[in-house]
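This report concerns only the one structure given below.
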């Protein structure tokens, strides 16, 4: 499902993933698993706990069509705090991106053998960032789906460029 705007500074994205919910939860919270589709880094799994995100898009995709604006992001770090935590159901945390602190919330809901993952990213500073974040969650969660389905991962940057154009026209 495509991202939708909840308000000018908040975007929501949903994706159905193969379960069980504990497996998807592990890919949200464990550094080695999260690094395969999003960003590595340790999480102190408690409300108020510290999180660290370490970016390496080369690790999540063989796509080397990195835009000039992201060529020096490998190994960059972001920090934040866990704001909500209900194991296997809800995880929310803040992190600073481009000098602006946003909050990402991940909700998991069992749907038979599958899991509905809902990502809500709030406090985005402007339309350009909202479009970029919508595209990012689309591709990142798509790569997570590829991993969980045991298929070849889609190319990150090529896919991001494509969905970015779609979101620029629709959000």
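The values are calculated or read from the model by the stated rules, or taken from the named source; none is laboratory data. Fair warning: this is a prediction, and the values are worked out from it, not measured in the lab. Note: ideal-geometry Cβ built from the backbone for every residue, glycine included; neighbour counts use all protein chains shown.
Among the residues in the range 110-122, are any under 19 Å from residue 34 (Cα atoms) and not in a strand (DSSP E or B)? No; the residues of the range 110-122 include none that is under 19 Å from residue 34 (Cα atoms) and not in a strand (DSSP E or B). Scanning the range 109-165 for residues that are in contact with a strand residue (DSSP E or B) (Cβ under 6 Å, 6 or more places away or on another chain) and at positive phi yields a single hit, 123. For the range 15-44, taking the residues that are surrounded by fewer than 17 Cβ atoms within 10 Å (Cβ to Cβ) and part of a strand (DSSP E or B), the one that is farthest from the chain's Cα centre (by Cα) is identified as 18.
Output yes when any residue across the range 47-57 is modelled with pLDDT of 70 or more, out of contact with any helix residue (DSSP H, G or I) (no Cβ under 7 Å at 6 or more places or on another chain) and assigned to a helix (DSSP H, G or I), and no when none is. Walk me through it before giving the result.
Just the residues of the range 47-57 that are modelled with pLDDT of 70 or more, to begin with: 47-57.
With the extra rule that they be out of contact with any helix residue (DSSP H, G or I) (no Cβ under 7 Å at 6 or more places or on another chain), the set shrinks to 47-56.
Next cut, assigned to a helix (DSSP H, G or I) only: none.
Looking through the range 47-57, none of the residues is modelled with pLDDT of 70 or more, out of contact with any helix residue (DSSP H, G or I) (no Cβ under 7 Å at 6 or more places or on another chain) and assigned to a helix (DSSP H, G or I).
None of 131, 147 is in contact with a helix residue (DSSP H, G or I) (Cβ under 9 Å, 6 or more places away or on another chain) and closer than 16 Å to residue 13 by Cβ except 131. Which residues, taken from the range 45-60, are more than 22 Å from residue 152 (Cα to Cα) and under 13 Å from the mean Cα position of the chain (by Cα)? 53, 54, listed by residue number.
Looking at this structure, is residue 148 buried (at least 16 other Cβ atoms within 10 Å of the Cβ), more than 23 Å from residue 47 (Cβ to Cβ) and in contact (Cβ under 8 Å) with a residue 40 or more places away in the chain? When the stated conditions are applied, residue 148 passes them.
Residue-by-condition table, conditions (1) over 16 Å from the mean Cα position of the chain (by Cα); (2) at pLDDT 95 or above; (3) exposed (fewer than 14 other Cβ atoms within 10 Å of the Cβ):
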{"site": "62", "(1), (2), (3)": "yes, no, yes"}
{"site": "80", "(1), (2), (3)": "no, yes, no"}
{"site": "91", "(1), (2), (3)": "no, yes, no"}
{"site": "99", "(1), (2), (3)": "yes, no, yes"}
{"site": "104", "(1), (2), (3)": "no, yes, no"}
{"site": "111", "(1), (2), (3)": "yes, yes, yes"}
{"site": "122", "(1), (2), (3)": "no, yes, no"}
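Here residue 72 fulfils each of the conditions (1) modelled with pLDDT under 95; (2) under 18 Å from residue 33 (Cα atoms); (3) over 16 Å from the mean Cα position of the chain (by Cα) apart from (2).
Summed over the range 139-171, the residues that are part of a helix (DSSP H, G or I) and under 16 Å from residue 16 (Cα atoms) give a count of 11.
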